[in-house]
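Enquirer: Structure in structure tokens, see below.
The values are calculated or read from the model by the stated rules, or taken from the named source; none is laboratory data. These numbers come from a predicted model, not from an experiment. Ideal geometry is used to build each Cβ from the backbone, glycine not excepted, and the neighbour counts take in all protein chains shown. Areas reflect the complete protein model, heavy atoms only, side chains present, ligands, DNA and RNA absent. Shrake-Rupley method; radii C 1.70, N 1.55, O 1.52, S 1.80 Å.
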Amino acid sequence: MTEKPLKKAALLGITTLALIAAVVLSIGLGSVQLSPTDTISTLFGSGDEANRTILWDIRIPRVLLALLIGANLAASGALLQAVMLNPLADPGLTGVSSGAAVAVLFILLAQPKYVSLVPLAAIVGGLIAAFLVYTWAWNRQTGFTPIRIILSGVAVNAVFGGVIGLLSLLYSDKLPSALQWLNGSLSGKGMNAVEVLLLYSFIGWIAALLCIRQANILRLGEQVAHNLGQNLNRIRFTLSFVAVYLAAISVSTVGLVGFVGLIVPHIARLLVGSDYKQALPMSLLLGALILLAADTAGRTAFAPTEIPAGIVMSMLGGPYFLYLMRKGET
């Protein structure tokens with residue numbers, strides 16, 4: 001291996017170690033504080049019974065959810081940025097998350113008896129949003145262009161945001177039950193939610209890793225891709241479907257968590273470059289790390305009051321979005 005690949009591999013290793021350390025620290029933080037040593041001993045069965053209950057019934061499911069959802073949203077954002085050739089693309093900003101949210105919120109507020117269909121409804125809602133984005137972005141002469149997809153996504157996001165507001169007004173009496181979900185809270189979930197999400201996520205990660213070559217082809221530019229005999233529209237549809245899937249299963253579980261898909265791929269590119277062979281695995285690791293840090297900060301900074309992870313990410317992501325715009329990252 002040359003020096004540069006060694007450096008990238010080292011960065012991936014360091015990020016993995018940082019993630020493991022963050023998991024141990026996060027599990028130990030809360031109303032009952034545990035040192036890293038106590039946390040590890042409790043995890044392996046030699047700790048206090050009460051501590052084991054706290055860890056396995058409350059904290060570990062929440063930490064695992066943060067890891068899964070952070071990785072999902074980061075991978076979704078990375079793929080969307082490849083499709084749109086724009087580092088400002090994000091599942092939330094392009095309407096995908098809002099489309100999934102409308103479908104889930106309709107079930108939670110209007111048809112709660114169908115709550116078992118929430119994951120499927122989220123995927124369908126996200127796909128409808130993506131379909132509208134591509135339909136409005138299509139031009140007979142030029143086909144799909146990144147700027148038209150971005151502008152269509154902003155419009156779709158605005159429309160579905162309005163629908164979310166309308167549902168909130170029409171079912172205001174039932175809204176408190178869905179308020180945590182709307183704010184992207186990871187609290188109150190058990191291992192059942194983790195097991196379901198893990199299955200869906202694993203499928204999505206495999207699909208995303210299989211899309212690395214196509215993402216790199218899009219990165220080369222349209223002219224080079226055409227010269228290689230590639231069907232760009234088919235590649236964009238494939239990557240978009242995987243991105244929608246990853247974002248939708250996350251939204252269906254904990255609600256709207258924005259800006260992970262915007263911030264993380266950009267940081268990953270700064271660390272390991274634009275090649276998706278390194279950028280996508282780094283995005284998965286960093287997404288898990290950043291959302292875990294956001295959720296941990298939200299539940300400990302103002303304890304016993306908890307701030308949902310979605311609110312924390314919005315407070316961090318908004319300024320970062322403006323920073324990217326000021327730098328001209330469009």
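The rows are residues; the columns are (1) in a loop (DSSP other than H, G, I, E, B); (2) hydrophobic (A, V, I, L, M, F, W, C); (3) surrounded by 14 or more Cβ atoms within 10 Å (Cβ to Cβ); (4) touching a strand residue (DSSP E or B) at 6+ places or on another chain (Cβ under 9 Å).
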position	(1), (2), (3), (4)
L11	no, yes, yes, no
I20	no, yes, no, no
V24	no, yes, yes, no
A50	no, yes, no, no
I54	no, yes, yes, no
D57	no, no, no, no
P61	no, no, yes, no
L65	no, yes, yes, no
G70	no, no, yes, no
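Yes/no per residue for (1) crowded, with 24+ Cβ neighbours inside 10 Å; (2) of a type in the set (V, I, T):
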{"position": "S240", "(1), (2)": "yes, no"}
{"position": "A248", "(1), (2)": "yes, no"}
{"position": "T253", "(1), (2)": "yes, yes"}
{"position": "P265", "(1), (2)": "yes, no"}
{"position": "R269", "(1), (2)": "no, no"}
{"position": "L280", "(1), (2)": "yes, no"}
{"position": "A293", "(1), (2)": "no, no"}
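Enquirer: Right, something else. Just to check your reading of the model, which residue among A101, A75, A66 is under 21 Å from V196 (Cα atoms), modelled with pLDDT of 90 or more and more than 10 Å from the chain's Cα centre (by Cα)? Walk me through it before giving the result.
Expert: Values: A75 fails: more than 10 Å from the chain's Cα centre (by Cα); A66 fails: more than 10 Å from the chain's Cα centre (by Cα).
Going through A101, A75, A66 in turn, the sole match is A101.
Enquirer: If you don't mind, there's one more thing I want to ask. Go through the range 82-133 and give me each residue that's crowded, with 20+ Cβ neighbours inside 10 Å, assigned to a helix (DSSP H, G or I) and not aliphatic (A, V, I, L, M).
Expert: S97, S98, G99, G125, G126
Enquirer: When the residues of the range 295-328 are narrowed to those that are outside any helix (DSSP H, G or I) and open to solvent by less than 50 Å² (accessible area, probe 1.4 Å), which ends up modelled with the lowest pLDDT?
Expert: First, pick out the residues of the range 295-328 that are outside any helix (DSSP H, G or I): 301-308, 327-328.
If we keep only those that are open to solvent by less than 50 Å² (accessible area, probe 1.4 Å) as well, we get 307-308, 328.
Working: I307: 89, P308: 90, G328: 58.
Within the range 295-328, the match that is modelled with the lowest pLDDT is G328.
Enquirer: Going by the conditions given, is G221 open to solvent by less than 30 Å² (accessible area, probe 1.4 Å) and on the phi > 0 side of the Ramachandran plot? Before the answer, list the steps.
Expert: Numbers: open to solvent by less than 30 Å² (accessible area, probe 1.4 Å): yes; on the phi > 0 side of the Ramachandran plot: yes.
Yes.
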